[in-house]
């Protein structure tokens with residue numbers, strides 16, 4: 001079969017395109033410069049900034065680098081590096097044609113241009129740009145620099161520059177600093193075995209440093225063996241000598257930041273949390289982070305962070321070996337931005353004697369995950385308000401001193417405390433356990449769990465769907481509670497929490513930018529009632545009375561666990577939600593403080609919250625909460641409808657006092673119901689509602705069992 005020749009204008013067009021492309025490549029090549037080793041190393045410090053993008057918060061590392069001439073690097077160490085990274089360094093050009101072709105082919109197919117085959121010359125060129133963006137443009141720049149290096153510098157000079165600038169982990173840039181960091185002596189004293197390990201970690205210090213964890217130790221040994229085998233293959237090491245080598249021991253990890261963190265704990269917790277988020281959520285690998293040179297803009301507000309740290313340090317009693325301790329987090333409602341974090345009085349005070357164990361810990365994000373106590377009554381209330389038909393804040397409830405459910409006795413915080421014929425709103429403000437445990441069983445413990453998950457408690461917390469879920473028996477962190485209560489503050493809109501706004505390379509290329517994805521999970525009507533009830537916690541009769549914010553409405557919930565082992569306060573305005581936990585490294589130890597005695601959620605945690613929030617919101621506009629609205633208009637199960645009128649709907653503007661009563665209208669009258677649990681082993685099922693009487697609403701059996709055996713606290 002004969003094909004028709006291409007028209008001349010097509011051939012001319014292709015030729016012109018090739019010429020233009022060639023000219024552009026030539027111009028780009030001419031404009032590409034070779035960075036000096038000193039400039040390269042100076043650019044490899046990653047800096048964290050507050051949310052303003054200008055004020056320095058912390059640094060991920062400090063430059064630890066000492067140049068040594070190639071003549072001081074033992075030949076065995078040079079051979080180890082070549083065996084690990086580029087076995088044909090002295091015989092091939094600075095650019096690997098096969099590696100380039102493979103990378104370009106993958107890129108043209110729309111894949112990730114991360115293919116191997118880079119020579120040591122190319123690695124030096126790649127590190128000069130410090131961009132983890134695996135793009136065709138970056139690959140071309142790498143090729144240009146590598147080509148110019150190969151034309152202008154000897155192999156010995158290139159290897160010298162490479163060994164003095166490559167990152168080995170532990171904050172060490174260059175072979176001399178690495179030798180000291182890993183083995184405690186200079187490069188000239190490195191053994192063959194030690195040199196092979198340093199060569200092994202170049203590929204990924206966080207992956208192969210034996211002190212970085214059990215997995216890294218195994219991977220490091222395998223990589224070390226690969227280097228030793230490569231040296232034998234190339235004739236640089238005899239099999240007899242290789243057989244006598246043993247995997248070397250290294251010095252413990254010693255982060256340079258640890259010393260600085262003794263006085264700047266908050267920034268160190270944030271630094272570790274940022275590194276963790278970038279690795280686990282934002283798609284940056286450890287090897288990319290190891291390159292450094294980034295400008296990372298966090299979500300941390302300097303005003304909020306300073307206010308939180310000042311509140312913790314001025315209010316929390318002097319810390320003595322981790323007792324008592326505190327963690328806190330502040331989240332922007334409807335957005336998820338973490339505006340403040342506090343991980344503890346000391347950077348390594350989590351009961352860990354080995355500083356290695358302090359890496360990647362943040363008390364505010366996970367290390368201080370503890371039972372939240374009655375904080376979870378907020379989710380039980382949501383479950384009740386979303387019940388079909390919904391309960392009302394004005395529903396009448398009975399809370400005796402004790403109730404027996406499935407054989408377990410539930411007490412109120414104060415011995416003998418009762419709440420007979422009180423409103424559900426009042427029972428919430430007073431944190432009446434003998435109302436809310438039966439209520440959780442009546443509406444269904446799984447619905448309470450679902451409400452907590454929808455609000456923002458991570459499903460990985462594996463909450464147990466049992467009636468005492470309302471007493472918060474399962475571990476959560478301050479960030480978990482801050483983010484879930486922020487959903488309430490945002491009128492039912494949830495956003496995942498995040499700590500990093502953007503990541504930019506040293507040459508101004510943005511490689512990461514966070515975009516919030518808020519989602520409505522609860523109706524505005526339900527949230528208007530939920531928020532109204534939570535404002536009562538800070539008003540007379542509430543468990544946190546006396547700690548409302550100055551000149552603006554505020555809402556929240558206390559939480560204290562059995563034997564006062566944990567004390568919480570989580571509260572919010574429309575602009576900010578903060579959660580404060582106080583406890584001990586010893587989970588079973590009662591939280592007590594001089595001059596305060598036993599610590600409850602409404603004491604020191606609420607005081608810290610109040611001080612931190614007032615500082616963070618100083619000068620911010622006053623925003624009001626929505627007025628509560630009627631929920632559905634259907635009668636309460638087991639109750640008689642009284643024909644509730646429509647609610648008053650107007651908000652009168654900014655309050656004139658620390659309470660929120662001036663900004664929300666009271667809920668309308670509603671049907672009444674009572675919650676009673678007889679002291680028997682088997683609760684009776686709820687009776688059928690009638691139009692002429694108001695029978696008791698009794699709980700229905702629920703899956704699971706109660707685990708409370710001692711007196712719960714509010």
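The values are calculated or read from the model by the stated rules, or taken from the named source; none is laboratory data. As the structure is a prediction and not an experimental result, all values here were calculated from the model. Reconstructed Cβ throughout: ideal geometry from the backbone, glycine too, with neighbour counts over all protein chains shown.
For region 422-458, a residue qualifies if it is without any contact (Cβ under 8 Å) to a residue 60 or more places away in the chain and on the phi > 0 side of the Ramachandran plot, and exactly one does: 456.
Restricting attention to region 578-601, does a residue exist that is surrounded by 21 or more Cβ atoms within 10 Å (Cβ to Cβ), in a loop (DSSP other than H, G, I, E, B) and within 22 Å of the chain's Cα centre (by Cα)? Looking through region 578-601, none of the residues is surrounded by 21 or more Cβ atoms within 10 Å (Cβ to Cβ), in a loop (DSSP other than H, G, I, E, B) and within 22 Å of the chain's Cα centre (by Cα).
Quick grid of which residues meet (1) under 22 Å from the mean Cα position of the chain (by Cα); (2) within 30 Å of residue 611 (Cβ to Cβ); (3) modelled with pLDDT of 90 or more; (4) not in a helix (DSSP H, G or I):
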| position | (1), (2), (3), (4) |
| --- | --- |
| 207 | yes, no, no, no |
| 211 | no, no, no, no |
| 229 | no, no, yes, no |
| 263 | no, yes, no, yes |
| 296 | yes, yes, yes, yes |
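Scanning region 539-558 for residues that are out of contact with any helix residue (DSSP H, G or I) (no Cβ under 8 Å at 6 or more places or on another chain) and either within 15 Å of residue 431 (Cβ to Cβ) or assigned to a strand (DSSP E or B) (or both) gives a single hit, 540. Hey, does region 500-511 have a residue that's over 18 Å from the mean Cα position of the chain (by Cα), buried (at least 16 other Cβ atoms within 10 Å of the Cβ) and at pLDDT 95 or above? Checked region 500-511: no residue is over 18 Å from the mean Cα position of the chain (by Cα), buried (at least 16 other Cβ atoms within 10 Å of the Cβ) and at pLDDT 95 or above. If the condition is being crowded, with 23+ Cβ neighbours inside 10 Å and over 17 Å from residue 330 (Cβ atoms), then region 560-576 contributes 560, 561, 566, 567. Against the condition modelled with pLDDT of 95 or more, within 16 Å of residue 227 (Cβ to Cβ) and under 33 Å from the mean Cα position of the chain (by Cα), how does residue 190 come out, does it pass? Here the answer is no, as residue 190 does not meet what is asked. Restricting to region 70-102, name every residue that is farther than 20 Å from residue 167 by Cβ and at pLDDT 95 or above. Those that are farther than 20 Å from residue 167 by Cβ and at pLDDT 95 or above: 74, 75, 76, 79. Would you mind stating whether residue 272 is under 17 Å from the mean Cα position of the chain (by Cα), modelled with pLDDT under 80 and surrounded by 21 or more Cβ atoms within 10 Å (Cβ to Cβ)? Criteria met by residue 272. In the set (1) touching a strand residue (DSSP E or B) at 6+ places or on another chain (Cβ under 9 Å); (2) at pLDDT 95 or above; (3) in a loop (DSSP other than H, G, I, E, B), the condition left unmet by residue 474 is number (1). Taken over region 496-516, residues that are in a loop (DSSP other than H, G, I, E, B) and under 20 Å from residue 329 (Cα atoms) amount to 5. Screening the candidates 495, 486, 452, 482 for the property of being out of contact with any strand residue (DSSP E or B) (no Cβ under 8 Å at 6 or more places or on another chain) and modelled with pLDDT of 95 or more yields one hit, 452. Scanning region 551-566 for residues that are within 23 Å of the chain's Cα centre (by Cα) and either over 12 Å from residue 600 (Cβ atoms) or at pLDDT below 95 (or both) gives 556, 557, 566. For residue 311, the conditions (1) crowded, with 24+ Cβ neighbours inside 10 Å; (2) at pLDDT 85 or above; (3) touching a strand residue (DSSP E or B) at 6+ places or on another chain (Cβ under 6 Å) all hold with the exception of (3). Residue check: residue 404 meets all listed conditions (1) within 21 Å of residue 489 (Cα to Cα); (2) in a strand (DSSP E or B) but one, namely (1).
Of the numbered criteria (1) surrounded by fewer than 24 Cβ atoms within 10 Å (Cβ to Cβ); (2) modelled with pLDDT of 90 or more; (3) outside any loop (DSSP other than H, G, I, E, B), the one residue 357 fails is (2). Take residue 394 and tell me if it is surrounded by fewer than 22 Cβ atoms within 10 Å (Cβ to Cβ) and outside any loop (DSSP other than H, G, I, E, B). Spelling it out, it is not the case that residue 394 is surrounded by fewer than 22 Cβ atoms within 10 Å (Cβ to Cβ) and outside any loop (DSSP other than H, G, I, E, B).
For the condition within 18 Å of residue 224 (Cα to Cα), in a helix (DSSP H, G or I) and without any contact (Cβ under 8 Å) to a residue 40 or more places away in the chain, residue 199 does not qualify.
Taken together, 409, 402, 386 contain a single residue that is surrounded by fewer than 24 Cβ atoms within 10 Å (Cβ to Cβ) and under 20 Å from residue 534 (Cβ atoms), which is 386. Inspect all residues belonging to region 523-531 and state whether any of them is part of a loop (DSSP other than H, G, I, E, B) and modelled with pLDDT of 95 or more. For region 523-531, residues part of a loop (DSSP other than H, G, I, E, B) and modelled with pLDDT of 95 or more: present. Residue count for region 559-572 satisfying the condition of being out of contact with any helix residue (DSSP H, G or I) (no Cβ under 7 Å at 6 or more places or on another chain) and closer than 30 Å to residue 622 by Cα: 0. Taking region 145-192 as the range and being at negative phi, part of a loop (DSSP other than H, G, I, E, B) and surrounded by 22 or more Cβ atoms within 10 Å (Cβ to Cβ) as the test, the residues that pass are 166, 168, 190.
Select, from 442, 460, the only residue that is in a helix (DSSP H, G or I), surrounded by fewer than 24 Cβ atoms within 10 Å (Cβ to Cβ) and at pLDDT below 95. The unique qualifying residue is 460. Considered as a group, the residues in region 464-495 that are more than 17 Å from residue 333 (Cα to Cα) and surrounded by fewer than 24 Cβ atoms within 10 Å (Cβ to Cβ) include one that is farthest from the chain's Cα centre (by Cα), and that residue is 465.
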